[in-house]
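S.K.: Got a structure here, written out as structure tokens. Questions coming.
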Amino acid sequence: MIKGTFPIQRFQNIETPFYYYDTQVLRETLDTIREELRHNPEYEMHYAIKANANPKVLRIISAAGFGADCVSGGEVRAAIEAGFPAHKVVYAGVGKSDREINLALDYGIHCFNVESEAELLIINELATQKDKVARIALRINPNVGAHTHSNITTGLAENKFGINLEQIEAVIEQAIALPHIDFVGIHFHIGSQILDMIDFVALCNRINELTTLFSRRKYPIRSINVGGGLGVDYGHPNHKYIPDFHSYFEVFRKHLHLTTGQTVHFELGRSIVAQCGSLITRVLYIKEGTCKRFAIVDAGMTDLIRPALYQAYHRIENISSDEPELTYDVVGPVCESSDVFGKSVDLNATHRGDFIAIRSAGAYGEIMASQYNCRQLPKGYLSEEL
């Protein structure tokens, strides 16, 4: 989607701020992934719902034949309601409650990604009460770093996620011995917004080391879940709106060693939905400071928290103006100094009422919105419904 293709006239009667999802971009992204998966029938994709749980977006992804990766009972329910088949739903998370585990057991999901010995024992106990057998994979903390923001790396030894390497064999043996547990394999996730493919090569090497060891121990590894983490180009959403899926999958084709009958599960989220979404906001005021010029918009950190939380960059465009560019700090109305979308942003000369598009906001945008300052939650609209 390039600048100028936004249906601005159709925006006139919609209350801002709101999320706009270009379904052509989303469907092209899904088709690109499906084409890559076509070459490897042992590969299975589970969309990471935490990136975006807009029901209309979920229905498009489920209709493409993907499974779902969930991190809460609410996400499991959202997946089922959006049409994802239960046998393609996997469920991770370090703090699954009894209620959430029971919900997933009742739905008959494909697999729990178990993150501790304590959780394993509770799942077995609850499955026993229901006279069910719970399929589980053990999430291993591989101590593999990722070249990304410290808040979104998850594979190091000090992270809260997963079971440490020195504990994993004992937990596998316990899982195999439990009567209401079906141990199917192992699960990993090293972080998010990863653009350096060497990080995934390192993950493959660690997995190969472990599966070689497990093979000697006669542990039955039927499933290897490598998580997600592939990043997107936030700087060039107009021209690089399809992430480099080919290089990503090629890493696993070349470096991950499989044995007959093993399946590989992926849990991509951001790379599927980020580029199809934009936060659309309107300019409230232009404030001329002593040293700066501010474009004050009606969206705030309550609508898109990533810049405040991660110092994340999003391309910002004035989609109403073709005038010569001026430099602005683009800020929101929330009563916090961190309510800033971008500093020293070059925009076409901007005026009250102009539409501003904050790009690459389809992931971790609408889903993370809050009602701080008693603000309304933003709505989401598909391009095909406007």
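S.K.: Would you check which residues across the range 18-39 are among the β-branched types (Val, Ile, Thr) and either surrounded by fewer than 20 Cβ atoms within 10 Å (Cβ to Cβ) or farther than 17 Å from Ser247 by Cα (or both) and list them?
M.R.: Thr23, Val25, Thr32
S.K.: Looking at Val334, Val345, which one is in a loop (DSSP other than H, G, I, E, B), touching a residue at least 24 places away in the same chain (Cβ under 8 Å), surrounded by 14 or more Cβ atoms within 10 Å (Cβ to Cβ) and not assigned by TED's automatic domain parsing to the domain that holds Gly228?
M.R.: Only one candidate passes the filter, namely Val334.
The rows are residues; the columns are (1) of a type in the set (Lys, Arg); (2) at pLDDT 95 or above; (3) outside any strand (DSSP E or B).
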{"site": "Glu166", "(1), (2), (3)": "no, no, yes"}
{"site": "Gln174", "(1), (2), (3)": "no, yes, yes"}
{"site": "Asn208", "(1), (2), (3)": "no, yes, yes"}
{"site": "Phe214", "(1), (2), (3)": "no, yes, yes"}
{"site": "Lys218", "(1), (2), (3)": "yes, yes, yes"}
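S.K.: I'd like the full set of residues that are more than 16 Å from Phe183 (Cβ to Cβ) and in contact (Cβ under 8 Å) with a residue 60 or more places away in the chain, limited to the range 93-122.
M.R.: Once the filter is applied, which keeps residues that are more than 16 Å from Phe183 (Cβ to Cβ) and in contact (Cβ under 8 Å) with a residue 60 or more places away in the chain, the range 93-122 yields only Val94.
S.K.: Follow-up question, since we're still on this one. Within the range 270-278, is there a residue that is surrounded by fewer than 24 Cβ atoms within 10 Å (Cβ to Cβ), touching a residue at least 12 places away in the same chain (Cβ under 8 Å) and not in a helix (DSSP H, G or I)?
M.R.: Of all residues in the range 270-278, those surrounded by fewer than 24 Cβ atoms within 10 Å (Cβ to Cβ) come to none.
No; the residues of the range 270-278 include none that is surrounded by fewer than 24 Cβ atoms within 10 Å (Cβ to Cβ), touching a residue at least 12 places away in the same chain (Cβ under 8 Å) and not in a helix (DSSP H, G or I).
S.K.: Another question, then. Based on what the data block shows, is Ala295 surrounded by 13 or more Cβ atoms within 10 Å (Cβ to Cβ), touching a helix residue (DSSP H, G or I) at 6+ places or on another chain (Cβ under 8 Å), closer than 27 Å to Ala363 by Cβ and in contact (Cβ under 8 Å) with a residue 24 or more places away in the chain? Walk me through how you get there before you give the answer.
M.R.: On the way: surrounded by 13 or more Cβ atoms within 10 Å (Cβ to Cβ): yes; touching a helix residue (DSSP H, G or I) at 6+ places or on another chain (Cβ under 8 Å): no; closer than 27 Å to Ala363 by Cβ: yes; in contact (Cβ under 8 Å) with a residue 24 or more places away in the chain: yes.
Criteria not met by Ala295.
S.K.: Considering the range 191-223 alone, what residues qualify as being crowded, with 23+ Cβ neighbours inside 10 Å, over 15 Å from Asn143 (Cβ atoms) and either outside the structural domain of Tyr43 (by TED's automatic domain parsing) or of a type in the set (Val, Ile, Thr) (or both)?
M.R.: Matches in the range 191-223: Ile194 only.
S.K.: Run Thr263 past the list (1) of a type in the set (S, T, N, Q); (2) assigned by TED's automatic domain parsing to the domain that holds Leu377; (3) surrounded by fewer than 18 Cβ atoms within 10 Å (Cβ to Cβ); (4) in contact with a Phe, Trp or Tyr (Cβ under 9 Å, 6 or more places away or on another chain) and report the number of the one that doesn't hold.
M.R.: With (1) of a type in the set (S, T, N, Q); (2) assigned by TED's automatic domain parsing to the domain that holds Leu377; (3) surrounded by fewer than 18 Cβ atoms within 10 Å (Cβ to Cβ); (4) in contact with a Phe, Trp or Tyr (Cβ under 9 Å, 6 or more places away or on another chain) applied to Thr263, the lone miss is (2).
S.K.: Could you please find all residues in the range 241-262 being out of contact with any helix residue (DSSP H, G or I) (no Cβ under 8 Å at 6 or more places or on another chain), at negative phi and part of a loop (DSSP other than H, G, I, E, B)?
M.R.: Hits for the range 241-262 are Asp244, Leu258, Thr260, Gln262.
S.K.: Could you pull out the residue among Ala48, Ala82, Ala86, Ala78 that is under 14 Å from the mean Cα position of the chain (by Cα), modelled with pLDDT of 95 or more and surrounded by 14 or more Cβ atoms within 10 Å (Cβ to Cβ)? Before the answer, list the steps.
M.R.: Numbers: Ala82 fails: under 14 Å from the mean Cα position of the chain (by Cα); Ala86 fails: under 14 Å from the mean Cα position of the chain (by Cα); Ala78 fails: under 14 Å from the mean Cα position of the chain (by Cα).
Every option except Ala48 fails the conditions.
The values are calculated or read from the model by the stated rules, or taken from the named source; none is laboratory data. Here the structure is a predicted model, which means the values were calculated and not measured. Positions of Cβ are generated from backbone atoms using ideal geometry, with glycine treated the same way; all protein chains shown enter the neighbour counts.
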